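Right, one structure below, let's go through it.
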Amino acid sequence: SVVCRPDISLAVSMLSRALETPTEDLWRAARRVLMYLAGTRELGIRWTVGGSAVLTGMVDADWATVRSTTGYCYWLADAVVAYLAKGQPTIALSSTEAEIMAACLAALEAVFTRGLLKDVGLPQLAATSLGIDNKGALALAHDYVSNNKTKHIERRHLRIRELVEDGTIAPEYVPTEDNVADILTK
C-alpha cells in the first residue's frame, strides 16, 4: 500500500491497528484485501506520453472517526506521483478543521514535490492546483478570519495561507463526488 497501491492504504492501516489482537473477522477482512489485489492486478500507474507536466492535486479528510484521516494525491503526466492516507495527530473539532489540517499537509507535500521536480528539470511555473471539497477550509486557506468556529485551530495548520499568498498553492473548490482523494479516507 505504501509503494504502489494507494487504494488499499486505509484498509491496511485499519488492519495494522489490530495486529496484537487478531480475530476471525479481521482475518476475513485481510483476505478480502488480498482477493481485491488479486482481482485488480492490471491496475497501476501509467504515464501518458505527452501528458501534462503540471503538478495538480486533491485533498480530503473524513470526520467520522475520533481522529480524522487525511488523504491526498498529486498527478503529473496523468499519473499519480505522490499520495498519502494517514490518521491526523490531533482530534479535529469540526469538519473544516479536519479539512484544513489535511490541506496544510497536502500543501507541504506540494512544496517538496515542486522542489524535486525543479531539481530534475521540470520547474513548476504556475501555482499548484489543490482541489478541496470543504468550502470552510477553502475560505480559511485564502483568508483567515478568527471567530468562535476557527479560533481553536492551531496556527501550524494555517501554513497553507502563506503558500497561497506566495503563489505556490492555488486551492480550488472541487465537489465531493469529483474528489479523487476521497477514496483515501474511506
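In the context of the full set of protein chains, residues of the chain present 58 Å² of accessible surface per residue (probe radius 1.4 Å, heavy atoms only).
Other residues whose C-beta falls under 12 angstrom from the C-beta of Gly57 contribute a net charge of -2, scoring Lys and Arg +1 and Asp and Glu -1. Over the chain, DSSP H runs of length four or greater, each weighted -39,500 (n - 2.57), average out per residue to a 222 nm ellipticity of -11000 deg cm²/dmol. Summarising the amide proton neighbourhood of Thr56: residues at separation of 5 or more, or on other chains, whose placed amide H is nearer than 5 Å comprise Trp75. Compared with the alpha-carbon gap, the fully stretched path from Leu15 to Ala79 is longer by 20.3 nm at 0.36 nm per residue. Taking the chain as a Gaussian network of alpha-carbon nodes connected by springs under 10 Å, the highest mean-square fluctuation of the residues Trp63, Trp27, Trp75 belongs to Trp27. Once amide H atoms are built 1.01 Å from N in the peptide plane, which residues 5 or more positions from Ala82, or in another chain, come under 5 Å H to H? Here the answer is Tyr74, since their amide H atoms fall under 5 Å of that of Ala82. Spin-label model, Glu177/Thr90: points 7 Å from Cα along the beta carbon direction are separated by 3.5 nm. Given their separation in residues at 0.36 nm each and the Cα-Cα distance between them, Asp7 and Glu24 gain 3.8 nm when the chain is fully extended.
Of (i) 17.0; (ii) 17.5; (iii) 15.1, which one was derived for Kirkwood radius over Cα pairs in Å from the structure shown? The calculated read-out lines up with (ii). Most tightly packed first, judged by the mean number of other beta-carbon atoms within 10 Å of their residues, the peptides 49-58, 112-121 read 49-58, 112-121. Across region 35-40, coupling constants 3J(HN,Hα) worked out from phi with the 6.51/-1.76/1.60 Karplus curve, θ = phi - 60°, read 5, 4, 4, 5, x, 10 Hz, and Gly and Pro carry x.
The values are calculated or read from the model by the stated rules, or taken from the named source; none is laboratory data. Predicted model, so just to flag it, every value in this text is computed and none were measured. Cβ atoms come from the backbone with ideal geometry, glycine included; neighbour counts cover every protein chain shown. Just so you know, the surface numbers come from the protein's heavy atoms only, side chains and all, with ligands and any DNA or RNA stripped out. Shrake-Rupley method; radii C 1.70, N 1.55, O 1.52, S 1.80 Å.
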